[in-house]
1. Give me the pairs: first residue in the range 61-75 and over 23 Å from Lys23 (Cβ atoms), second residue not in a helix (DSSP H, G or I), beta-carbon distance under 7 Å, and six or more apart or on different chains, which are they?
2. Being at negative phi and touching a Phe, Trp or Tyr at 6+ places or on another chain (Cβ under 8 Å) narrows it down to one residue among Glu54, Glu48; which is it?
3. Please go through the range 31-44 and give me each residue that is assigned to a helix (DSSP H, G or I) and over 19 Å from the mean Cα position of the chain (by Cα), ordered by number.
4. Can you name the number of the only condition in (1) charged (D, E, K, R); (2) part of a helix (DSSP H, G or I); (3) surrounded by 10 or more Cβ atoms within 10 Å (Cβ to Cβ) that Lys4 fails?
5. If only one of Glu48, Glu29 is without any contact (Cβ under 8 Å) to a residue 40 or more places away in the chain and surrounded by 12 or more Cβ atoms within 10 Å (Cβ to Cβ), which one is it?
Amino acid sequence: MISKIIQKKKDLAHKLKMHIRKKAINQFEDKLLLLQKKKTDYTKDELESHVAKEESEIIKSYKNKSIAALLALLGINIF
């Protein structure tokens, strides 16, 4: 029973990481379009670092949204 719960937790964490990764890649590709550049203009390491930056921005925005939702749930208005 406990092993099933632990496995579900790992699966959910993996799904979330994959979702964030895909979203970060899409956002970076959008930025490339705005900059009129191609993926081939960057090395693999540079691409990885740019995607990692996008991932951290996405995680930061998720945290901010979850805090705002929690405050709204508690009836605290910060806006």
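Each value in this text was obtained by applying a stated rule to the coordinates, not by laboratory testing. Computed from a predicted model, the values in this text were never measured in an experiment. So basically every Cβ, Gly included, is an ideal-geometry build from the backbone, and we count neighbours across all protein chains shown.
1. Correct list of pairs: Leu71/Ile78.
2. Values: Glu48 fails: touching a Phe, Trp or Tyr at 6+ places or on another chain (Cβ under 8 Å).
Criteria check complete, one pass: Glu54.
3. Passing the criteria: Leu33, Leu34, Leu35, Lys39, Thr40, Asp41, Lys44.
4. For Lys4, the failing item is (3).
5. Only one candidate qualifies: Glu29.
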